[in-house]
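No lab work stands behind these numbers, since they all come straight from the coordinates. Note that the coordinates shown come from a computational prediction; the quantities given were computed from them, not determined experimentally. Please note: Cβ atoms are built from the backbone with ideal geometry, for glycine as well, and neighbour counts cover all protein chains shown.
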Amino acid sequence: MRPRQFDLIAFDWDGTLFDSTQIITRCIQLAVVDVGGAKPSDEAASYVIGMALMPALAHAAPDVPEDKYPQLNARYRHHYMQHMDDIALFDGVLPMLDELRARHHWVTVATGKSRRGLDEALHSSELKGVFDGSRTADETAGKPHPRMLHELMREFGVAPERTLMVGDTTHDLQMALHAGCASVGVSYGAHAHDQFEALKPRFVAHSVRDLHDWLLAHA
């Protein structure tokens, strides 16, 4: 079976494939308080998920001076590392990815994580060989800049109209628009799905099962 519409499918990581939204939100809040800033609300902290780390922390903590950004970064990483073992793939993600690969889609990751952070997550034996390629914010450009998708499309020789971005934030969907690609949003991650409509996703999935079914029928 050949792909119906899309040769290349790029997935966001946190909040889309990996169940990490609540932990990242909490780590951002703890880091900001550690350096003397006012604790961001859950909404403010979760909004920046998917962005490159330093712009995300700066956005979530507007009262923290720039000279404290290195400390803020270090405190976030400290708290995140404490919870690495608490984070797992959403149920159903691996069967979905396996079925997409069996249908000859190129399955990739486009994430606001660092290369080091993504490689640590991909080190799990269950994820070895699952993804055909990946791009991270620190080696390209942070979302919603389209450079990640441009590089993945160039690597696999795929046109924008044959590329689909799947993500849980407006940053993901904006990146797809900027790259000329189609997108699908998921509502179980960091951003409320009522923010997605203006960004014209093909579909909004409310569970991994929803996403799986739509991709098999339409991708």
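Going by the alpha-carbon gyration tensor, a ≥ b ≥ c the square roots of its eigenvalues, is region 109-219 rounded (a/c under 1.5) or, if a/c is not under 1.5, prolate (a/b greater than b/c) versus oblate?
rounded
Give me Rg/Rg_expected for the chain, where Rg uses Cα atoms only and Rg_expected = 2.2 N^0.38 Å with N residues.
0.98
Any idea what the alpha-carbon Rg over 2.2 N^0.38 Å comes to for region 58-178?
Rg over 2.2 N^0.38 Å, computed on Cα atoms: 1.19.
Add +1 for every Lys or Arg and -1 for every Asp or Glu among the other residues with Cβ under 12 Å from the Cβ of L72, and state the total.
Combined, the nearby Lys, Arg, Asp and Glu give -1.
Restricting to DSSP loop positions (anything but H, G, I, E, B) with no more than 11 other Cβ atoms inside 10 Å of their own Cβ, which trypsin sites (Lys or Arg not before Pro) remain in region 118-148?
Passing sites in region 118-148 are K128.
Give me Rg over Rh for region 21-85, both radii from the alpha carbons and Rh done the Kirkwood way, two decimal places.
Ratio value, two decimals: 0.91.
Please give the peptides 159-169, 61-71 ranked by average Cβ packing (other Cβ atoms within 10 Å per residue), highest first, as a rough proxy for protection.
159-169, 61-71
Could you tally the net charge around F196, taking each other residue with its Cβ under 10 Å from the Cβ of F196, Lys/Arg +1 and Asp/Glu -1?
After counting each charged neighbour, the total is -3.
For the pair Q5/D42, report the inter-label distance in nm, with labels modelled 7 Å from Cα in the Cβ direction.
Simple spin-label model gives 3.3 nm for this pair.
Could you quote the convex hull projected area for region 135-174, Cα atoms only and averaged over all directions, in nm²?
With the hull built on Cα positions only, its mean projection is 2.7 nm².
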